[in-house]
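Quick note: the coordinates plus some simple rules give every number you see, no bench work behind them. Keep in mind it's a predicted model, so treat the numbers as computed, not measured. In this analysis, Cβ positions are derived from the backbone assuming ideal geometry, glycine residues included, and neighbour counts consider all displayed protein chains.
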Amino acid sequence: MTETDAVEFSRCHLAPTASSLAAALGYFDEEFSALPDGIRINAKLGDHSHEGDRYWMRHAANAKAMWARSHGADTRALAFSWYESAMPLYARCSSGVSTPVDLKGSRIASIHVAGQKFDYDRTVYLRPFVTSLSSAGLSLSDVEEVAFSVEREQVRDGSPRQSSFPLQMARKQIEWLLSGKVDAIASILPPQVVSFLDLRCIYDPAKDPDPLARVDLRALVVSGDALRERRDAVVAAVMAILRAGEWAAQHGQEAISLMAADAHIPEEILKARKLDAVRAAQIDTSAESISLMEGRKDFLLDAGVLEQDFDLAEWTDPSVLEEAIVKLQSRRGTSTVVQRGAAAR
Amino acid sequence: MHIAGTDRGIVFTRCPALPNAATLAHQLGMIPAQDRSGLPLSQFIGADKIAEGVRYWLRYAGYSKPLWAFGNGEDTRLVAISRHRSACPVYVLQNSGIDSTSDLRGKRLCIFRDAGLKLDYNRIIYLQTYAAALSGAGLRFEDVQLVDFGMDRDTFMRRAGVDYGRLNDTPEGYGAPINLFTEIARISVELLLTGKVDAFASNLPQGVAEFLGLHKVYDPALENDVNAAHDLRCLVVSGPLARERRDDLVAIVSGLLRAGDWARQSGVEKTSQTLARDLRVERDVMMLDTSDIIKGMAIDLSPDDIAMLEQKKRFLIENGLLRNDIALADWADPTIVRDARALANTAEGALAS
């Protein structure tokens with residue numbers, strides 16, 4: 001077996017998931033060591049596109065995976081996990097912008113990361129504007145998008161960062177706002193900074209009753225070849241993630257600490273984001289998750305980020321999650337009927 | 001401004017922005033409500049204009065304006081000085097290429113200017129910081145470009161929710177979320193982030209500086225030269241008060257001395273909360289520009305204090321802010337503090353307060 005036969009498993013370094021916990025708790029190592037000889041998985045942290053990898057899995061944001069799927073990528077979504085990530089919108093107190101209605105006719109930042117086939121970050125920073133405008137009966141056509149091209153350094157293997165991309169973008173956007181290039185920005189800012197700079201929160205997705213406004217599910221995606229030819233390894237990875245979710249349900253506070261440490265994100269940032277570590281550590285293919293993913297896909301289509309639609313149900317394969325649950329139950333000597341879509345809780 | 005009922009009474013004003021022993025003594029009730037003959041002693045927190053036209057007055061505030069006024073012939077006496085470790089650091093953007101104060105050569109440094117004042121005393125605070133930072137690198141003001149900026153005071157006071165000219169009009173305990181110095185800092189940060197200047201001097205909340213990626217290129221907290229790291233605040237009185245009603249003055253000053261003693265015994269937390277209540281500002285906002293609050297509550301007029309004031313005076317003269325040199329020995333009267341201390345140590349001193 002050569003190195004290229006190994007399954008490459010990557011996890012996002014910005015949005016902690018149960019995969020962060022599975023890595024931190026050593027569950028990946030435990031499950032992978034039980035695999036037959038010759039089957040290997042390499043767990044990695046950071047921006048990994050897996051171009052050139054035949055066998056791979058990734059637990060990260062959903063937009064890029066959906067974009068790839070819409071372009072015919074041979075992938076399957078194995079499960080989804082909860083993540084509330086949308087950013088509040090801020091304007092200067094001295095401006096006339098104080099509610100989403102006031103955004104009409106204003107200039108907002110449209111962030112483009114140069115040199116990427118799929119501009120994931122544009123969707124991240126645009127989404128709170130779309131949902132806030134929608135809450136006021138407006139749309140993107142009612143505002144002026146001011147394009148800013150930025151560079152994003154690829155971060156791999158979780159080396160400690162002096163400043164993460166979200167922090168760099170927060171600083172850039174503050175600069176654009178203060179210099180009058182835009183009238184409103186989307187960013188997670190500490191309350192002390194908001195107060196000091198005399199900014200006003202004009203919309204907070206966390207308070208939006210519509211879950212689509214505040215939730216952006218993480219997707220556990222696998223390459224078709226890995227699913228077909230390395231299924232045992234894929235199931236083992238999912239078992240590790242399920243175990244991490246169970247552990248988190250018993251250790252909420254510690255889960256935040258471990259997630260922060262794994263991603264090299266200050267714990268205060270995750271707490272400031274009001275991360276629900278227990279919920280974020282669960283994976284499922286529930287009807288609620290599928291519905292949220294459908295809504296997310298519609299948003300990406302409406303925003304022109306996805307050029308073509310695809311069948312979400314066809315993309316989602318719950319059988320691996322079900323198999324992993326059964327195996328865990330079997331290992332523990334328990335046996336219950338596995339409900340399709342439910343995780344082992 | 002004429003204050004009714006004060007023709008024979010005494011008016012005591014104190015700085016509305018930065019804490020001093022008068023701030024504390026007022027809160028602690030250690031300043032007598034009337035003089036020894038039963039005439040009222042009125043206290044005001046705010047601008048010194050409140051005492052205009054008053055014969056018997058005291059003011060506790062920064063050193064530069066009374067020094068300048070005495071230099072211009074005002075009949076006053078310097079009674080006490082307090083040292084405040086309150087100098088500002090100089091910030092630049094990370095990765096700006098400015099790694100040390102020597103890199104400030106040719107750079108744009110922003111500085112607050114209040115064009116409406118005869119003596120721009122707030123500007124002097126920042127000038128002092130820049131002078132200290134530059135001199136450490138062998139630089140002078142001629143080696144940098146000072147970029148002036150102003151402030152719309154009406155907007156500022158609306159944001160703060162108080163009128164700093166007459167802070168008495170605001171209920172004690174109101175906690176303004178900003179003060180003059182945080183507003184100056186905010187404007188400075190804006191100028192830096194938008195590329196209009198290369199550096200600024202101000203005290204910032206640490207979390208704000210870190211989040212915005214600001215780097216201290218000069219930190220007076222690390223400065224060995226106490227003159228660079230300290231600011232002075234002074235108790236100055238009208239000449240008639242010092243000459244004609246010395247006993248009343250001694251009684252008042254003994255209250256300030258007792259307030260300083262109280263601070264030393266009570267600690268930072270209790271003292272700072274008491275001061276913030278008087279200044280009608282959030283405690284953390286007030287503390288930004290004060291790093292040794294207890295020491296700042298101690299008043300004296302020692303030869304060391306006079307020597308430090310002499311250096312401050314030289315600075316004003318060298319920078320064209322004080323045209324007439326003055327003999328500090330003629331202005332200062334250290335006997336008041338001496339006698340006030342003696343009074344404070346007696347039972348009568350306690351009763352007087």
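In whole angstrom, how long is each semi-axis of the equivalent ellipsoid of chain A, when you take the square root of 5 times every eigenvalue of its Cα gyration tensor and sort them from largest down?
Three semi-axes, in Å: 36, 20, 19.
Which ordering of A:Met239, A:Met57 is given by a fewest-first count of other beta-carbon atoms within 10 Å?
Arranged by neighbour count, lowest to highest, A:Met239, A:Met57 become A:Met239, A:Met57.
Fewest first, what order do B:Leu301, A:Leu301, B:Leu119 take by the number of other Cβ atoms within 10 Å?
Going from sparsest to densest Cβ surroundings: A:Leu301, B:Leu119, B:Leu301.
Taking a ≥ b ≥ c as the square roots of the eigenvalues of the Cα gyration tensor of segment A:1-154, is the shape rounded (a/c under 1.5), prolate (a/b larger than b/c) or oblate?
Prolate.
What Kirkwood hydrodynamic radius, in Å, does the protein assembly as shown give when the mean of 1/r is taken over all pairs of distinct Cα atoms and then inverted?
Its Kirkwood hydrodynamic radius stands at 29.3 Å.
With the dipole of segment B:19-121 worked out from charges on the C-beta (+1 for Lys and Arg, -1 for Asp and Glu) around the Cα centre, which of B:Ser102, B:Asn20, B:Gly71 lies farthest toward the positive end?
With unit charges placed on the Cβ atoms, the residue in question is B:Ser102.
Taking every residue in A:90-97, how many Cβ atoms of other protein chains lie within 10 Å of its Cβ, on average?
1
Shape call for segment B:198-353 from the C-alpha gyration tensor, a ≥ b ≥ c root eigenvalues: rounded (a/c under 1.5), prolate (a/b greater than b/c) or oblate?
Since a/c reaches 1.5 but b/c is at least a/b, the shape of segment B:198-353 is classed as oblate.
What is the distance in Å between the Cα centroid of segment B:196-224 and that of segment A:65-129?
33
Can you put B:Leu134, B:Leu93 in order of Cβ neighbours within 10 angstrom, beginning with the fewest?
Listing B:Leu134, B:Leu93 from fewest to most nearby Cβ atoms yields B:Leu93, B:Leu134.
Among the helices of chain A (complete DSSP H runs), which have Cα atoms covering no less than 18 Å along the helix axis and a Kyte-Doolittle mean of at least -1.0?
A:120-135, A:165-178, A:231-250, A:287-302, A:319-332
Share of antiparallel DSSP beta bridges in chain B, in percent to the nearest 5?
55
Pull out a ≥ b ≥ c, the square roots of the eigenvalues of the alpha-carbon gyration tensor of segment B:90-222, then state rounded if a/c is under 1.5, prolate if not and a/b is larger than b/c, and oblate in the remaining case.
Prolate.
B:Val268 to B:Asp152: FRET efficiency via 1/(1 + (r/R0)^6), r the Cβ-Cβ distance, R0 35 Å, to the nearest 0.05?
0.55
Would you kindly calculate the mean projected area, averaged across all directions, of the convex hull enclosing the Cα atoms of segment B:133-182, in square nanometres?
5.5
Please state the charge dipole magnitude for chain A, taken about the Cα centre, from unit charges on C-beta atoms (+1 on K and R, -1 on D and E), reported in debye and rounded to the nearest 20.
Using only the charged Cβ atoms, the result is roughly 560 debye.
Using only Cα atoms and rounding to the nearest 10 degrees, what angle (0 to 90) does helix B:121-136 make with the longest principal axis of chain B?
Approximately 50 degrees, to the nearest 10.
So which lysines pass the test for A:Lys274, namely a Cα distance under 19 Å, with those fewer than 8 places away in the same chain ruled out?
A:Lys274 reaches A:Lys207.
Quick one: pull the percentage of alpha-carbon pairs in segment A:1-55 with a separation above 19 Å.
32
Give the distance, in whole Å, between the Cα centre of segment A:200-235 and the Cα centre of segment B:64-121.
54
Among B:Lys118/B:Lys196; A:Lys44/A:Lys117; A:Lys44/A:Lys297; A:Lys181/A:Lys271; A:Lys117/A:Lys297, which pairs are too far apart, with a Cα-Cα distance over 24 Å?
The pairs that break the limit, which is 24 Å between Cα atoms, are B:Lys118/B:Lys196; A:Lys44/A:Lys297; A:Lys181/A:Lys271.
Work out the charge dipole of the protein assembly as shown with +1 on the Cβ of Lys and Arg and -1 on the Cβ of Asp and Glu about the Cα centre, then indicate which of B:Thr335, A:Leu177, A:Gly333 is farthest towards its positive end.
Comparing the listed Cα positions along the dipole, B:Thr335 ranks first.
If you put +1 on each Lys and Arg Cβ and -1 on each Asp and Glu Cβ, how big is the dipole of the protein assembly as shown around its Cα centre, in Debye rounded to 20?
I would put it at about 1380 debye.
Express as a percent, rounded to the nearest 5, the fraction of DSSP beta bridges in the protein assembly as shown (both residues included) that run antiparallel.
Roughly 55 percent of the beta bridges in the protein assembly as shown run antiparallel, per DSSP.
Hey, what's the Cα Rg ratio for chain B versus the globular rule of thumb, 2.2 N^0.38 Å?
This ratio for chain B stands at 0.99.
Return one number: the angle in degrees, 0 to 90 and rounded to the nearest 10, between the long axis of the Cα atoms of helix B:303-318 and the longest principal axis of the Cα atoms of chain B.
It works out to around 50 degrees.
Roughly what % antiparallel, to the nearest 5, for the DSSP beta bridges in segment B:90-222?
Beta bridges within segment B:90-222, antiparallel portion: roughly 45 percent.
Where Rh is the Kirkwood radius over the Cα pairs of segment B:218-308, the temperature 10 °C and the viscosity 1.306 mPa s, what D in µm²/s does Stokes-Einstein return?
104
For chain B, find the longest principal axis of its Cα atoms and tell me its angle to the long axis of helix B:180-193, 0 to 90°, nearest 10.
Taking the Cα atoms of chain B, the angle to B:180-193 is about 0 degrees.
If you project the alpha carbons of segment A:89-213 onto the principal axes, what extent comes out on each, in Å, largest first?
Projected onto the principal axes, the Cα atoms of segment A:89-213 cover 42, 33, 29 Å.
Charges only on Cβ, +1 for Lys and Arg, -1 for Asp and Glu: so what's the dipole of segment A:86-208 about the Cα centre, in debye to the nearest 20?
160
If the viscosity is 0.890 mPa s and the temperature 25 °C, what Stokes-Einstein diffusion coefficient in µm²/s follows for segment B:1-98 when Rh is the Kirkwood radius over Cα pairs?
For these conditions, the coefficient is 157 µm²/s.
Compute the longest continuous run of chain A that contains no exposed GluC sites (Glu not before Pro); treat a site as exposed when its DSSP state is not H, G, I, E or B and it has at most 12 other Cβ atoms within 10 Å.
The longest such stretch corresponds to A:154-306.
Using the Cα centre of chain B as origin and beta-carbon charges of +1 (Lys, Arg) and -1 (Asp, Glu), tell me which of B:Pro220, B:Gly165, B:Ser37 is placed farthest towards the positive end of the dipole.
B:Ser37
Give the cross-link partners of B:Lys107 among the aspartates and glutamates, using a straight C-alpha distance below 19 Å as the criterion and excluding same-chain residues fewer than 8 apart.
B:Asp99, B:Glu142, B:Asp143, B:Asp148, B:Glu190, B:Asp198, B:Asp219
Give the longest segment of chain B that steers clear of GluC sites (Glu not before Pro) in DSSP loops with at most 15 neighbouring Cβ atoms within 10 Å, not counting the sites themselves.
B:173-353
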